[in-house]
Amino acid sequence: TDSPPEAFTYPWLAYTRLVPAEFLVNNEAEAKSIIRIQQLLMRPFDPEVPSAESLYLSEGMLRKKLMGYNRNPLRFICYSLNLLKNKSAKTKLDFVDLLIAWVCRKKASY
C-alpha cells in the first residue's frame, strides 16, 4: 500500500538503546511503532477537516491514532522533539497532547 503524502519532512532522532533509560521502549514492536508514529505526525493535518477526508488528518483522527500506540514510544518521540523540558507529562494523554500541539505548530509553517 502507498503511504499518504507527507506535509513536511523532519530530521527525526533515530531510536537506539543509547537514549537515556527513562526513554527506552519495552520491545521491538514498540521500537518499530516509533517510525510509524513519526510518519503519522508528518501527514497533512487540518484540525478543521471533516473526518471523511482521507488525505488530511483532523485533530480527532490524529488523537485517536496516537492513542492507539503505547506510552513509551510516544514519550520517546516527545523527548526526541525536546517537548519535555519544563513539562510534567506523565500519561499517554499528556504525550499525545504535546505531539498534537507540535503538529499544530508545524502546520503553521507550511
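The values are calculated or read from the model by the stated rules, or taken from the named source; none is laboratory data. These figures come from a predicted structure and were not determined experimentally. Cβ coordinates were reconstructed from backbone atoms using ideal geometry, including for glycine residues, and neighbour counts include every protein chain displayed. Protein only, heavy atoms only, side chains kept; ligands, DNA and RNA dropped before computing areas. Shrake-Rupley method; radii C 1.70, N 1.55, O 1.52, S 1.80 Å.
Largest mean-square fluctuation among S80, S58, S88, in a Gaussian network model of the chain whose springs join Cα atoms under 10 Å apart, belongs to S88. Each residue, L55 and F8, gets one label point 7 Å from its Cα in the Cβ direction; the gap between the two is 1.9 nm.
Counting only heavy atoms of the protein chains, get the accessible area per residue of the stretch 23-110 (1.4 Å probe) and round it to a whole Å² value. Present the calculation step by step, with values, prior to reporting the outcome.
Working: 4750 Å² over 88 residues.
Here the per-residue accessible area is 54 Å².
Report which label in (i) 13.6, 41; (ii) 48.5, 165; (iii) 46.5, 154 holds the value of Rg and Dmax of the Cα atoms in Å derived from the coordinates of this structure. Here the calculated entry is (i). A Förster distance of 25 Å, applied to the separation of the beta-carbon atoms of K90 and K64, puts the FRET efficiency at 0.75.
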